[in-house]
Amino acid sequence: MSKEKIETVVEKLVSDIIADSQIELVDVEYVKERDWYLRVFLDKQTGIEIDDCQWVSERLEAKLDELDLIKGHYYLEVSSPGLDRPLKKERDFIRHAGDKVEIKTYEPINGQKLLVGTLLGAVGHDICIDVDGQPLSVPRDKVAQVRLHIEF
């Protein structure tokens, strides 16, 4: 089964597991590093806790074993996406409107490949931010990644 198919099936499984909870699925990735890792990232309004991760992990592991979805050895990790989480889905852009983000682009926009500003939202095929009081629309096809910006 392809990497993308595994991610899609796991997204559905996790969505079913968390359907009646306050937990939100942020992302699923199945990646080969030194070993294979199936990573599930969760969040909720009050902040994800280790008990939430354990609850989802136990149920997901049982379903994965039952379905025998992934052949071979892999590690299952269920966690929070972290403070500098990537924004990918529409609900991410809605939830984090007003937050400071950084956008990495494939090619320079206004001479820069890293833009930092306040997220205004996602409109159509653009991600809109305010950079020093100036609104800027960045076409999604030029965006490599959008993350929450952390200032130290």
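The values are calculated or read from the model by the stated rules, or taken from the named source; none is laboratory data. Values in this document were obtained by computation on a predicted structure and should not be read as measured data. Note that each Cβ is placed from the backbone with ideal geometry, even for glycine, and that neighbours are counted across all protein chains shown.
Quick notes on this one:
- Residue check, Leu13 assigned to a strand (DSSP E or B), surrounded by 13 or more Cβ atoms within 10 Å (Cβ to Cβ) and either touching a Leu at 6+ places or on another chain (Cβ under 8 Å) or at pLDDT 95 or above (or both): no
- Residues that are surrounded by 13 or more Cβ atoms within 10 Å (Cβ to Cβ), in contact (Cβ under 8 Å) with a residue 24 or more places away in the chain, within 20 Å of the chain's Cα centre (by Cα) and not in a loop (DSSP other than H, G, I, E, B) within the range 56-90 comprise Val56, Leu60, Leu76, Glu77, Val78, Ser79, Pro86, listed in sequence order.
- Subset of the range 97-113 (residues that are at pLDDT 90 or above, part of a loop (DSSP other than H, G, I, E, B) and in contact with a strand residue (DSSP E or B) (Cβ under 9 Å, 6 or more places away or on another chain)): Ala97, Gly98, Asp99
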